[in-house]
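Note sheet for the following structure.
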Amino acid sequence: MRVLWVLLLVLLYLPPAVAGATLDRVRRTGIVTDVLITQYPPFGFIDAENQVAGFDVDVARAFAARLGVRLKIETPSWESIVSGRWQGRWDLCICSMTPTAERAQVLGFPVEYYASPTVLVVHKDETRIKSVADLSGKRVGVGMGSSFEKYLDHSLRIPGEPPLAFPFHDVIAVPGDETINLRNLALGPGVRLDAIVASLSTAKAATESMRSLKILEPVLYWEPSLVATEKGDAEWDRTVANTVAALKADGTLAQISRKWLGMDVTTDVR
Amino acid sequence: MFVEDSGRFREKVWLTWLGLAGLLAWGVHGLHLDIAYIGAKLPFLLGLKLAPDGFIQGAALTIFVSAASMLCASGVALVTAAGRLSSNPLAFALATFYASLFRGTPLLVQVLIIYLALPQIGIVLGALTSGLVALSLNYGAYLAETIRSGVMAVPAGQREAALALGLPRWVITWKVIAPQALRLIIPPAGALFVSMLKDSSLVSLMGLWELNFLAQSYARSSFRYMEMLLAAALIYWILSVGFEVVQFRLERRFGRGIAVVTDR
Amino acid sequence: MTALASDPSAPLVRISDLDKWHGGVQVLRRLSLDLALHERVVVCGPSGSGKSTLLRCVNGLELPQSGTVVVDGIELNRAAVERIRRRVGMVFQSFNLFPHMTVLDNCTLAPISVRKLRAPEAREIALDYLGRVRMVGHADKYPGQLSGGEQQRVAIARALCMSPKVMLFDEPTSALDPEMVKDVLDVIMGLAAAGMTLLCVTHEMAFARRVAHRVVFMDHGQIVEQGPPDRIFDAPESGRLRVFLSRRLQGSPVSR
């Protein structure tokens, strides 16, 4: 009886098609479904009118407009997106994702749309840590499952870039929620954390609202953020790459970038 | 020991509650929270406004998911309890296996398997459906055990007397055993459902904008963590209290007659 | 259905060669007993002798491993058990009233569900029987508001509402305080006077003397001796019966 019940519910909500025919589906339904994370200002968040807004959202809107279809945004958990096998639920992820070897096994990364500087954040009263080399043996907070975690354990490889230098060793990485980490760092140098590795935009937003943090120069490395798609659909990947290239060429991306980040991170600046 | 009469007792209980509420309010006031911000976000948190995609959100979604899951879980639990009490070896084996599996694995794992892993073998469920299925199957397993123990606690003599009268099986089950078992089932079942109210937040993993997700999103966007988390906690609490009132009424209705031993 | 149903001389209840095991223990050993219409039989014996099991085999609450039970011409098996139970009323030591229903509802449940009587008719019959057990004034009370003796009287009325042909009593007064025992026994005497066929397990010797046509003494799952009450109580033949009686007379007061 339970089986029947489950089957009934399945029938009530079976989306069309399977991966491999994404472009056909998008053209046929006139809708492209994008996923992003809404707890990551200024890239994705919920604004005062309860609408999804941010850099990633505006890029998605421009993408849909360029393609001539409507945009539908969904907000599943990061694990759901990153584990791939979307089974046709979603078409692409303009969600500030950095490619890694594991993710590349289940996702396609057709095109880069911006590069984000990664920085080191410390408490403003911090005296012992002056640069990334001073991180050895310290407790450093990073977002759970993020590329920053990989950076700390020396395993980060950025496809298409020369290997990174890791001038530190034996760092005690503290993976967790980024916001909670920032609050913990704000308690004081070494109280719960010694430092945090995060993207510049996250760091800027945090230092602006919590006056007790500061960002160290220089930028540790540039993290490319690519549009992610379900793996194996070459035709759709080409479409995505071409559309984003067009948005770059006519300055749309640069405009969105300046609006949200105060600077252009979409054109190659290293 | 002397027992105070119930009127004075109730009076003092309410006074204590008022005092605690005052203490809480004073503590919250001392945090200097941005009440205006909470006020601005309240309609969204409560679900009085719809999400951008037109679906219900916030507390309204939480209530809907909880209620729908409770209903389905009850159905699943009844079937499972019947299986666990059955003398049919196949029914017993299936029911026991299911109950053990779904009580023994974390709810989070179950949700993710249903939403992310099933698609790999071709079963693709929508976000809301996945959440309802996971919650119903998980809580159904726990509720089945509660139902079974309630039924078993009804004295054997009741069943014998009913059989001796020649009552048909369905009358014995629904008119003799069930009302007595319900009196014992309702308190633990109520506790389960209050817990489900909070576990319904797991549907946010699939992109649904329930109360917890909204509170966290707003908190991160505006850095008003205290305001949003407290607001969410308060709303959950009010929902729980509302549910406990319902449970109290149900307990009174099913305890009728049985609890009245004092006046001879 | 056998020919016994149309044979007026056949016993109402015929128990033949019952064997019953509970786990590894044999509780009934090739036990046979007949009960004729309007006959009243009291079964006594030490605890563990199988008296209750015997009673419960009559209405199928227990099914024997071998042997037959025929009630009103119907042979007892899984298919026929419900039909037999409609003809047999049972009163339990622990009353077993339905606590979540009023006294009246307790009595009308079976007539409405089984005999498909309409509610007003069932109520009338129930009130009539409640009157006979002198519990009419308590019709709207819940069992929890009644004393043990009152509950047992309601239990008797509940069983009577199904118009059984034979009534089984399983130690009906053993769980009652002494001052309530008389009221219940009086009710059973009233049934006897009206001609009800009774099979009663009890320790109340004086009551047995007054009400029984035959007393059956059981021990270790067998009938050791049976006969009219005067002979059984005053001139027991078997040694075991004598030991049982002497213990009984020494141990507990006999209610008169």
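The values are calculated or read from the model by the stated rules, or taken from the named source; none is laboratory data. Note that the structure is predicted; figures quoted are calculated from it, not measured. We place every Cβ from the backbone using ideal geometry, glycine too, and count neighbours over all the protein chains shown.
Check off (1) polar (S, T, N, Q); (2) more than 8 Å from chain A (Cβ to nearest Cβ); (3) under 22 Å from the mean Cα position of the chain (by Cα) for B:GLN158 and give me the number that stays unchecked. Result: B:GLN158 passes all but (3).
The set of residues in segment C:130-148 being away from every other protein chain (no Cβ under 14 Å), crowded, with 19+ Cβ neighbours inside 10 Å and in a helix (DSSP H, G or I) consists of C:LEU130 alone.
Residues of segment B:232-257 that are among the charged types (D, E, K, R), within 14 Å of chain C (Cβ to nearest Cβ) and without any contact (Cβ under 8 Å) to a residue 24 or more places away in the chain: B:ARG252, B:ARG253, B:ARG256.
Could you list all residues from segment A:84-106 that are among the hydrophobic types (A, V, I, L, M, F, W, C) and either more than 14 Å from chain B (Cβ to nearest Cβ) or in a helix (DSSP H, G or I) (or both)?
Here is the first cut: in segment A:84-106, the ones among the hydrophobic types (A, V, I, L, M, F, W, C) are A:86, A:90, A:92-95, A:97, A:101, A:104, A:106.
Selection gives A:LEU92, A:ILE94, A:MET97, A:ALA101, A:ALA104, A:VAL106.
For segment C:128-177, the tally of residues that are without any contact (Cβ under 8 Å) to a residue 60 or more places away in the chain and not aromatic (Phe, Trp, Tyr) stands at 30. Residue count for segment B:161-189 satisfying the condition of being of a type outside the set (A, V, I, L, M), within 14 Å of chain C (Cβ to nearest Cβ) and assigned to a helix (DSSP H, G or I): 8. Looking only at residues of segment A:187-209 that are of a type in the set (A, V, I, L, M, F, W, C), touching a helix residue (DSSP H, G or I) at 6+ places or on another chain (Cβ under 8 Å) and over 23 Å from A:PRO224 (Cα atoms), we find that the one that is surrounded by the most Cβ atoms within 10 Å (Cβ to Cβ) is A:LEU193.
When you scan segment A:143-158, do you find a residue that is part of a strand (DSSP E or B) and either in contact with a His (Cβ under 9 Å, 6 or more places away or on another chain) or away from chain B (no Cβ under 14 Å) (or both), even just one?
no
The combined condition, being buried (at least 20 other Cβ atoms within 10 Å of the Cβ), in a helix (DSSP H, G or I) and under 21 Å from the mean Cα position of the chain (by Cα), is fulfilled by B:VAL203. Residues in segment A:193-205: is at least one touching a Phe, Trp or Tyr at 6+ places or on another chain (Cβ under 6 Å) and not assigned by TED's automatic domain parsing to the domain that holds A:THR38? Among the residues of segment A:193-205, at least one is touching a Phe, Trp or Tyr at 6+ places or on another chain (Cβ under 6 Å) and not assigned by TED's automatic domain parsing to the domain that holds A:THR38, which makes the answer yes.
Looking at segment B:1-94, the helices (runs of 4 or more DSSP H) lying wholly inside it that each contain 2 or more residues that are away from chain A (no Cβ under 14 Å) and charged (D, E, K, R) sit at B:6-30. Can you confirm whether A:THR229 is β-branched (Val, Ile, Thr), within 15 Å of A:ASP34 (Cα to Cα) and surrounded by 20 or more Cβ atoms within 10 Å (Cβ to Cβ)? Considered against the rule, which asks whether it is β-branched (Val, Ile, Thr), within 15 Å of A:ASP34 (Cα to Cα) and surrounded by 20 or more Cβ atoms within 10 Å (Cβ to Cβ), A:THR229 comes out as yes. Annotation for segment C:47-61: at least one member residue is surrounded by fewer than 19 Cβ atoms within 10 Å (Cβ to Cβ), modelled with pLDDT under 90 and not charged (D, E, K, R).
Those strands (runs of 3 or more DSSP E) of segment C:197-246 in which 2 or more residues are of a type outside the set (A, V, I, L, M, F, W, C) occupy C:214-219, C:222-227. Would you mind stating whether A:VAL111 is modelled with pLDDT of 90 or more, in a strand (DSSP E or B) and more than 28 Å from A:GLN255 (Cβ to Cβ)? When the stated conditions are applied, A:VAL111 does not pass them.
You will find that of A:ASP134, A:ASP91, the residue that is in contact with a strand residue (DSSP E or B) (Cβ under 9 Å, 6 or more places away or on another chain), among the acidic types (Asp, Glu) and modelled with pLDDT of 90 or more is A:ASP91 and no other. Within segment B:115-130, is there a residue that is within 12 Å of chain A (Cβ to nearest Cβ), surrounded by 23 or more Cβ atoms within 10 Å (Cβ to Cβ) and touching a Ser or Thr at 6+ places or on another chain (Cβ under 9 Å)? So far as segment B:115-130 goes, yes, one or more of its residues are within 12 Å of chain A (Cβ to nearest Cβ), surrounded by 23 or more Cβ atoms within 10 Å (Cβ to Cβ) and touching a Ser or Thr at 6+ places or on another chain (Cβ under 9 Å).
Table: residues versus (1) touching a Gly at 6+ places or on another chain (Cβ under 9 Å); (2) modelled with pLDDT under 90; (3) crowded, with 22+ Cβ neighbours inside 10 Å.
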position	(1), (2), (3)
A:ASP56	yes, no, yes
A:ALA62	no, no, no
A:LEU67	no, no, no
A:SER96	yes, yes, yes
A:ARG103	yes, yes, no
A:ALA115	no, yes, no
A:GLU126	yes, yes, no
A:LYS138	yes, no, no
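If you filter segment A:71-80 down to residues that are in contact with a strand residue (DSSP E or B) (Cβ under 9 Å, 6 or more places away or on another chain) and of a type in the set (D, E, K, R), you find that the one that is nearest to the other protein chains (Cβ to nearest Cβ) is A:GLU74.
If you scan segment B:131-170, which residues turn out to be surrounded by fewer than 22 Cβ atoms within 10 Å (Cβ to Cβ), among the aliphatic types (A, V, I, L, M) and in contact (Cβ under 8 Å) with a residue 60 or more places away in the chain? Of everything in segment B:131-170, those that are surrounded by fewer than 22 Cβ atoms within 10 Å (Cβ to Cβ), among the aliphatic types (A, V, I, L, M) and in contact (Cβ under 8 Å) with a residue 60 or more places away in the chain turn out to be B:VAL151, B:MET152.
For C:SER94, the conditions (1) farther than 30 Å from B:LEU182 by Cβ; (2) crowded, with 17+ Cβ neighbours inside 10 Å; (3) of a type outside the set (Lys, Arg); (4) at pLDDT 90 or above are fulfilled apart from (1).
Yes/no matrix, rows are residues, columns are (1) on the phi > 0 side of the Ramachandran plot; (2) more than 8 Å from chain A (Cβ to nearest Cβ):
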| position | (1), (2) |
| --- | --- |
| B:ALA191 | no, yes |
| B:LYS198 | no, yes |
| B:SER204 | no, no |
| B:GLY207 | yes, no |
| B:PHE223 | yes, no |
| B:GLU227 | no, yes |
| B:LEU230 | no, yes |
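May I ask you to verify whether C:ARG115 is assigned to a loop (DSSP other than H, G, I, E, B), surrounded by fewer than 19 Cβ atoms within 10 Å (Cβ to Cβ) and at the interface with chain B (Cβ under 10 Å from one of its Cβ atoms)? When the stated conditions are applied, C:ARG115 passes them.
For segment A:44-70, give me the residue count where each residue is in contact (Cβ under 8 Å) with a residue 12 or more places away in the chain and either hydroxyl-bearing (Ser, Thr, Tyr) or more than 11 Å from chain B (Cβ to nearest Cβ) (or both). Adding up the residues that qualify gives 12.
Residues of segment A:228-246 that are within 19 Å of the chain's Cα centre (by Cα) and closer than 11 Å to A:VAL59 by Cβ: A:VAL244 alone. Taken as a whole, the condition of being within 13 Å of chain B (Cβ to nearest Cβ), under 30 Å from C:TYR142 (Cβ atoms) and of a type outside the set (A, V, I, L, M) does not apply to C:CYS57. Can you tell me which of B:ALA51, B:ALA60 is touching a residue at least 24 places away in the same chain (Cβ under 8 Å), surrounded by 11 or more Cβ atoms within 10 Å (Cβ to Cβ) and under 29 Å from the mean Cα position of the chain (by Cα)? The match here is B:ALA51.
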